[in-house]
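Peer 1: Sharing a structure here in structure tokens format.
Since every read-out is calculated from the coordinates, none of them should be taken as a lab result. Everything numeric here is computed off the predicted structure, so don't read it as measured data. Don't worry about glycine lacking a Cβ; one is built from the backbone with ideal geometry, like all the others, and counts go over all protein chains shown.
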Amino acid sequence: MRYAETGFNLEVDLTRGNIERVATDPGDTELYLGGLGTNAKILWDRVPPEVEPFSPDNLLIFAAGLLCGTPATGCNRTIVSTISPQTRLMAFSMMGGFWAPELKYAGYDKVILRGKSPDLVYLWINNDQVEIRDASHLQGKGAIETSELIRQELKEPKAQVAAIGLAGENRVYFASIEQSKSSASRGGIGAVMGDKGLKAIAVRGTKDVNIAQPVEFLELCNEVLEYIKFREENPIPGVMPILAGLGSPQEMKVHDEKWHTENFMWGNSRVRKKDFWNEEIAKEWTDTMENARRRLISCFNCPMECGATISLPGLPTYMMKCFTKLTYAMAAMSDLDFGLRIAQRATEYGVDGFSTPQVMAFALELYENGVLSDDDMPGMPSDTEGRFYWLLDKIVRREGIGDVLANGTYWAAKEIGNGAEAYAHNNIKKHEQLPLKLSMLNPIYFLMYATGEKINITQIEGQFPQAPYPKREQREEFVKDWFQVPDEKFKQYFLDWELRGEKSIPYYPTVEMTCDIVDWQERMHYIDDALGMCAGLSSFPLKPPYHIHNYPKFISSGAGIDMDEAKLTQAAKRYRTLVRAVNIRRGMRRKDDKPPENHWKKRFPELEKELLDGYYKFKGWNNDGVPTKESLHELGLDYVSGDFIKRGILTDNGGAPSKETSAENEKK
Amino acid sequence: MKGVVTVTGGNKKKKVKTIKIDTDKCNGCRACEVICSAFHAAPKYSGNNPARSRIRVIRDPLADIYVPVHAGEYAVAECAGREKYTIDGKEYDECSFCRASCPSRPEFKEPDSGLPLKCDMCEGEEEPLCVKWCMVDALTYEEREEEAEEQEEQEELEIGLESLADKYGMQKLKDAIARMSKKD
Ligand code: SF4
Ligand code: SF4
Ligand code: SF4
């Protein structure tokens, strides 16, 4: 018997309309766990670098994490992996909600889609019965609307539906997949779904998920619940409210937006409004939120209530979470009411709440600076808010300038030319980032921005405080119950970290310490993404209930795989390296490992070089960022080095690459 | 809900176990379903499957409907007439509040055998586990003692026997009682 996982994947060929249930190899679970780990293995094995994102040969994988569907609190992530049309690298966005556990109860760990359907279809998975159904009547429908319509026509209110909106259908490079209050947004995976002619996947399951050592497992679950209670009662002092507690940033609960509105940039990530927040605005925005918010809601099996249903007069109800609350408002230099209203339309269209507002602000900046003219924007209203709605519609319909903008700021700037590239200033690896511009380089964040392959800072940071505490006593207090550290040395790193003087950024933490810190933070995210755990209870907040010490026990007693900290660390390193290998094979190199040029005012090229050199070495990568033959061997990834050598990416003696390829040049 | 009624020996006291449900506090997470089905797995916690849970959260997020319902009695036939409630402007579907395991719907039945499920207040546990796992207090638990009334007890007994007679037929029931009395 298989535990925690079902041991079966669904293989769906959309070209031929063929569906197969395929048993998986338990050996792969030991090596790559599940979720992201086994997704990376499948993409490596089956999607060679010649495959274009919009090729029928690109795969779109929906995976439930290894522990999804077990009673482990907050373990509900669906990890969607494919090759991104925007970055042209591996995308592995995840979504919370209810979909992944339902897939497990239906008897599957993954749905692997290939090919392209000639007509728009949706997939209906009802335990053993799986069918491809016509979706022509759903064409152009909103993502949430589609979910409701599908539930109604199937007469199955309990079906969980992941759907794309118009943006996905039209292959917008930042189209999302929406489901319940959650979405898999980053990397444009909704566009790949649309390209495959797949409008939605509905799933309903009524089977068991088995646990290997039931009593031990339940005890661990209860400990987690106890600790969540403790952390709710004991928020971390000395940090801003959204970092003090657990869960995704509690944007639906917290009304005090001083920190976001005054520290994050407005417009096209340009303007900082230092004294923006005042009593009047606080009152207005609080009223807006309280009137719009109908109820705080959670994902499957989690008490944290990070999302909310939002009902605004005259608009259909939708669900929201996190920072999308502010991204539209701030990009348009507007207010919360506007932000919540346009987010309703954007959610139905199915677009990423980070990239979309920035693309629109970018377009307006180009227009204001004469790079785009009235000819490019026929009929555009004169007020910024009206312009945002206008641009959103153009983009998701790919009409006129919208067709160019729908590829994101990087590709749009290239196409527009005329100096537009300088305005696409907030990207990493062609992907729009959070609107943050800071002063002094922070070595930890430098490495995270440069090398995080999920290309989103929130998907690598978390375990180590973002900044030092001013007083030593405060730091001593902080480390007292910091048992989540993998090693005591991290406490010392933090204790010695000062705001000013010798032991402050950018030279402290030292290169060596920085490598340790970044590696630990990244490792926890990768483990979450394989297990299906919400980062909000694990890798993202300080002092979370899940950590490197209890995870091995969860895996041993849940999945029946003999696990300890060293083995788990090694497994995470294995599939993290495999993700890198997929990207290296697609042309990614050291030159791509960098933060946005203007992220910090004060830069230190020497130090940055040392950091990158040090980290590559620490990770077992050569100076160009390619995993070495030896480190691949140590991870049991000889098949990767074999391929690298064949392709001339590594030489036989494991040395430097012969010639450089670039992800950019690969675009036709 | 009013829970299982147990009569404590001799002193005519009975324990009333009540789970109070605050639908305003429910966030729709279904943790209650998870732990209930895990607890009732054999062996205990060896698996879980919300479809086997004895509590179901009737939810429709866009309509803001969240109703946790505990499985009650088995019903041989569905109701002749059904009700739709409107509360605070929200219309609740027929059967939303009903606790019966009944032929009209899949709720409260084992998914494979179709056998009825009934909440047993987590026999043997200190408190009902759905309550323990509902950390937002949509479910809370209360226990109190009440004077036992013979009358009521009698009624309960008769209702129970009647439903058994319905299910198995009077003759079978008589035979079973006869057999049991011999054993005593
Ligand atoms: S912590 Fe928040 S985002 Fe994470 S699973 Fe719970 S409700 Fe969902
Ligand atoms: S555990 Fe509580 S909040 Fe969650 S669905 Fe059940 S009753 Fe609602
Ligand atoms: S009290 Fe126990 S048996 Fe009844 S619904 Fe709750 S968890 Fe299930």
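Peer 1: Between A:VAL479 and B:LEU62, what's the calculated FRET efficiency when r is the beta-carbon distance and R0 is 45 Å? Round to 0.05.
Peer 2: Taking R0 as 45 Å, the efficiency between A:VAL479 and B:LEU62 is 0.50.
Peer 1: Can you give the convex hull volume per residue for the Cα atoms of the stretch A:460-599, as a whole number of Å³?
Peer 2: Spelled out: Cα convex hull of the stretch A:460-599, divided by residues, is 135 Å³.
Peer 1: Also, I was wondering about something else. Mind checking which aspartates and glutamates have their C-alpha under 15 Å from B:LYS172, skipping anything on the same chain fewer than 8 residues away?
Peer 2: The reachable aspartates and glutamates, counting only those whose Cα sits under 15 Å from B:LYS172, are B:GLU162.
Peer 1: How big, on average over all directions, is the shadow cast by the Cα convex hull of chain A, in nm²?
Peer 2: So the Cα hull casts an average projection of 27.6 nm².
Peer 1: While we're on this one: Across the stretch A:586-596, in residue order, what do the Karplus-derived ³J(HN,Hα) couplings come to in whole Hz, using 6.51 cos²θ - 1.76 cosθ + 1.60 with θ = phi - 60° and x for Gly and Pro?
Peer 2: 3J(HN,Hα) across the stretch A:586-596, in whole Hz: 8, x, 5, 9, 3, 4, 8, 7, 8, x, x.
Peer 1: Next up: With each label point set 7 Å from Cα along the Cα-Cβ vector, what nm distance links A:SER439 and A:GLU52?
Peer 2: 4.9
Peer 1: When the Karplus curve 6.51 cos²θ - 1.76 cosθ + 1.60 is applied with θ = phi - 60°, which whole-Hz ³J(HN,Hα) does each residue of the stretch A:66-76 get, with x for Gly and Pro?
Peer 2: Taking θ as phi minus 60°, the curve returns 3, 9, 4, x, 7, x, 5, 3, x, 8, 9 Hz for the stretch A:66-76.
Peer 1: Karplus couplings for the stretch A:610-620 from phi (6.51 cos²θ - 1.76 cosθ + 1.60, θ = phi - 60°), rounded to Hz, Gly and Pro as x?
Peer 2: Once θ is set to phi - 60°, the couplings for the stretch A:610-620 become 4, 4, 5, 4, x, 5, 4, 5, 4, 7, x Hz.
Peer 1: Pairs of alpha-carbon atoms within less than 8 angstrom and 6+ residues apart define the contacts here; what relative contact order does the stretch A:288-437 have, in percent?
Peer 2: Dividing the mean separation by the residue count of the stretch A:288-437 yields 14 percent.
Peer 1: Further question: Amide H to amide H, which residues 5 or more places from A:MET319 or on other chains are under 5 Å from it, using H placed in the peptide plane?
Peer 2: Amide H to amide H, under 5 Å and 5 or more residues apart or across chains, A:MET319 pairs with A:ILE310.
Peer 1: Step through the table entries A:LYS196/A:LYS619; A:LYS273/A:LYS503; A:LYS480/A:LYS503; A:LYS253/B:LYS84; A:LYS480/A:LYS619; A:LYS594/A:LYS646, compare each Cα-Cα distance with 25 Å, and write down the pairs that go over it.
Peer 2: Values: A:LYS196/A:LYS619 36 Å; A:LYS273/A:LYS503 30 Å; A:LYS480/A:LYS503 21 Å; A:LYS253/B:LYS84 33 Å; A:LYS480/A:LYS619 30 Å; A:LYS594/A:LYS646 28 Å.
Listed pairs above 25 Å: A:LYS196/A:LYS619; A:LYS273/A:LYS503; A:LYS253/B:LYS84; A:LYS480/A:LYS619; A:LYS594/A:LYS646.
Peer 1: Next up: Ranked from highest to lowest mean number of other Cβ atoms within 10 Å per residue, what is the order of the peptides B:32-42, A:385-395, A:89-99, B:165-175? Spell out each step's value before the answer.
Peer 2: Values: B:32-42: 23.2, A:385-395: 20.5, A:89-99: 27.2, B:165-175: 12.2.
The peptides rank, most packed first, as A:89-99, B:32-42, A:385-395, B:165-175.
Peer 1: At q = 0.08, 0.09, 0.11, 0.15 Å⁻¹, work out log10 I(q)/I(0) for the stretch A:35-183 with the Debye formula, treating every Cα as an identical point scatterer and leaving solvent out; two decimals please.
Peer 2: Each listed q maps to, in turn, -0.21, -0.27, -0.41, -0.80.
Peer 1: How long is the gain from B:LYS15 to B:GLU145 if the chain were fully straight, where each residue apart is worth 0.36 nm and the alpha carbon distance is subtracted?
Peer 2: Roughly 46.3 nm would be gained on extension.
Peer 1: Let me ask something else. Alpha carbon centre of the stretch A:123-195 versus the stretch A:31-84: separation in Å?
Peer 2: 18
Peer 1: For the stretch A:233-320, just say rounded, prolate or oblate: build the C-alpha gyration tensor, square-root its eigenvalues into a ≥ b ≥ c, call rounded for a/c under 1.5, and beyond that prolate if a/b exceeds b/c, oblate if not. Show your work: numbers first, answer last.
Peer 2: Details: a/c = 1.86, a/b = 1.15, b/c = 1.61.
Note, shape of the stretch A:233-320 comes out oblate.
Peer 1: Next question, about the same structure. Could you tell me the distance between the Cα centroids of the stretch A:599-619 and the stretch A:103-118, to the nearest Å?
Peer 2: Rounded to whole Å, the Cα centres lie 41 Å apart.
Peer 1: Right, next: Excluding A:GLU461 itself, what net charge comes from residues whose Cβ is under 12 Å from its Cβ, given Lys and Arg +1 and Asp and Glu -1?
Peer 2: 0
Peer 1: With n ≥ 4 as the cut-off for DSSP H runs, can you work out [θ] at 222 nm for chain A, using -39500 (n - 2.57) per run divided by the number of residues, rounded to the nearest 500?
Peer 2: -12000 deg cm²/dmol, from helical runs alone.
Peer 1: Other chains' Cβ within 10 Å of A:206-213 residues: what's the mean?
Peer 2: Per residue, the number of nearby Cβ atoms from other chains is 6 on average.
Peer 1: If I model a spin label at A:LYS609 and A:MET1 as a point 7 Å from the Cα along the Cα→Cβ vector, what separation in nanometres do I get?
Peer 2: For A:LYS609 paired with A:MET1, the spin-label model returns 6.0 nm.
Peer 1: On full extension of the chain, what length is gained from A:LYS274 through A:LYS491, given 0.36 nm per residue of separation minus the C-alpha to C-alpha distance?
Peer 2: 74.8 nm
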